[in-house]
1. Rounded to the nearest 20 debye, what is the charge dipole size of segment 481-593 about its Cα centre when +1 sits on each Lys and Arg Cβ and -1 on each Asp and Glu Cβ?
2. For an R0 of 41 angstrom, estimate the FRET efficiency from the Cβ-Cβ distance between S698 and R603 and round to the nearest 0.05.
3. When ranked by the protection proxy of mean other Cβ atoms within 10 Å per residue, highest first, what sequence do the peptides 502-508, 409-415 form?
4. What residues qualify as long-range amide H neighbours of D322, i.e. H under 5 Å apart, gap of 5 or more or another chain, H built at 1.01 Å from N?
5. Skipping prolines and chain starts, which residues have an amide H placed within reach, meaning under 5 Å, of the one on G38, given they are 5 or more residues away or on another chain?
6. Can you list the residues, at least 5 places off or on another chain, whose amide H is less than 5 Å from the amide H of V113, using H built in the peptide plane?
7. Which order do the peptides 670-682, 568-580, 38-50, 346-358 come out in when sorted by mean C-beta neighbours inside 10 angstrom, highest first?
8. I need the peptides 89-95, 687-693 ranked by packing, meaning the mean over residues of other C-beta atoms within 10 angstrom, with the highest value on top.
Amino acid sequence: MHNAADERNKSEEVYWSKMEASVILPILKKKLAFLSGGKDRRSGLILTIPLCLEQTNMDELSVTLDYLLSIPSEKCKARGFTVIVDGRKSQWNVVKTVVLMLQNVVPAEVSLVCVVKPDEFWDKKVTHFCFWKEKDRLGFEVILVSANKLTRYIEPCQLTEDFGGSLTYDHMDWLNKRLVFEKFTKESTSLLDELALINNGSDKGSQQEKERSVDLNFLPSVDPETVLQTGHELLSELQQRRFNGSDGGVSWSPMDDELLAQPQVMKLLDSLREQYTRYQEVCRQRSKRTQLEEIQQKVMQVVNWLEGPGSEQLRAQWGIGDSIRASQALQQKHEEIESQHSEWFAVYVELNQQIAALLNAGDEEDLVELKSLQQQLSDVCYRQASQLEFRQNLLQAALEFHGVAQDLSQQLDGLLGMLCVDVAPADGASIQQTLKLLEEKLKSVDVGLQGLREKGQGLLDQISNQASWAYGKDVTIENKENVDHIQGVMEDMQLRKQRCEDMVDVRRLKMLQMVQLFKCEEDAAQAVEWLSELLDALLKTHIRLGDDAQETKVLLEKHRKFVDVAQSTYDYGRQLLQATVVLCQSLRCTSRSSGDTLPRLNRVWKQFTIASEERVHRLEMAIAFHSNAEKILQDCPEEPEAINDEEQFDEIEAVGKSLLDRLTVPVVYPDGTEQYFGSPSDMASTAEHIRDRMKLVSLKRQQLRHPEMMTTES
């Protein structure tokens, strides 16, 4: 079948490639002759030779005619040509030469030659040559006709506009399409030969011959896709002109089946598609074989590296570091190893995708090999990736362990620093705050130590699993070093924490004693303040002496209770100050109370005692004054002798005066300072009441001395 197609292609090539338009393109552009696509009444093609004023090159015209007459098929040529020689712009001798030349160029194919004469016909002397008499010698009939008479022989629709017809013809457009057609024909014919050679070479039985044939002719000289696209576009253009050429809007009218353009393009396209499909299959098979070999090579490269240098890199990395910096350095080294592995893992992903694609579209004989390669590659890569991940997790756990250990160490250092600094707080509140801070730091240390134990145990568990992928290497020594380091860090932190706890207990006791000390000092100072307030109240509000003996006795009783309260306050202050002395001795510090609070307490208490005694003297004198005055002022007929006793009146008067004098005297403290009871107005009011009572006693005395005064008053 292929040999028949090759023979057909070769015959078509001989038929269609006698002469190429691209070779004589400058001549064809001159439009010395053309086939407009018009037909005469016998369906013969019309060949037009437009002569011009310039001298026509007969050699070029001959070449043009040879080319044009090589285009139609033999069947079309058998119907003969009608040649229109347009001599309206030329001389008779040129026309004659052209007509005679037709005898040599196409004698058997010309059935009629129409010489279009100019409006002013040539001189009869010039045209004495009679073409009709030479018909037998020429082989065709020659007639002289004016342009407007051509329609007698040719239909107007088959004539171009130059001869008054309606047929549209664009020579350059036709020439361009002809160039495309011939280029496609030439390229497709050459491409068919190349593809046939390639495809036939791929069918040979010997693998060596197959490889040699494919290697020599594997790539065509032109792109088949481009040639096919050009052919389809050309065929589409030819078909469009065939069906639309009569509309008058297309420049080049076709010549139907006579030109055989469409059939040949279709045949070439069919042959190209057939050979190109076989060629694609050959390329696919070759590509698949090449791809399979490349995959095998790349798979072995990946496997050899991962099981060789990659595994050696991991075997050399076993330590976890003894600090954050050391662990970070190991992590950085591991990242470099991972980076190298990532490049090979990327190759693995690409290979896996390629293998999967081949498995989906592969042949039965390739499936087993592909699956084996895929399984081998996956096993090695997954094992190596697991080792990398395990190592990364181990280093991350070590980094976290060292980080927690460093944080805990810093916390212990901070706690120890607080414990080593002597406590010198200003008050109890600051001591409480410091104590709270110590407790918080100790609690934070407990939490940190617990976290360290958890991180350490997790790290130990990971290390214990490290031997599972050691490739037979004994890692007991390396693991023992790592385990000893982790356990040593945890034990050291436990001891440091225990020492800090002991120191915190001592500091806590001391600080609680200091809190008690400050509390005692504060309460003692408060006792002094309370005693001062009692003294101030005694001097400012305890000033009344009573209006009678009974009221004065009540005031005296209240004063004694008031003094008891002051005495209790003083005793409470003394006890607090004694406690501060004991606490200072225990804390080996100097209390502020011994030099400040105690003297203040004693001084205020002394002042209170003096003022209280003065208050008692005044109240006792007031009781005596009111009692005696009340006895005299009462009417007691049963005891006239007592009332008439002058001594009693003198005593009352003496007590009243003494009381009045005492009210004007201030209280004098040991330091020489003086203080009065109440305000002057308060003292004046009290003194006025005593004076009134003394006046009543004096009036009673006068009444007893002069009884008639009582009768008169009555």
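None of the figures in this text is laboratory data; all of them are computed from the coordinates on show. Given the structure is predicted, the values throughout are model-derived calculations rather than measurements. All Cβ positions, glycine included, derive from the backbone under ideal geometry; neighbour counts span all protein chains shown.
1. In debye, rounded to 20, segment 481-593 gives about 340.
2. 0.40
3. Going from most to least packed, we get 409-415, 502-508.
4. It is S327, by chain and number.
5. I46
6. For V113, the qualifying residues are V83, E141, V142, I143.
7. The packing order, highest mean first, is 38-50, 568-580, 346-358, 670-682.
8. Descending packing order for the listed peptides: 89-95, 687-693.
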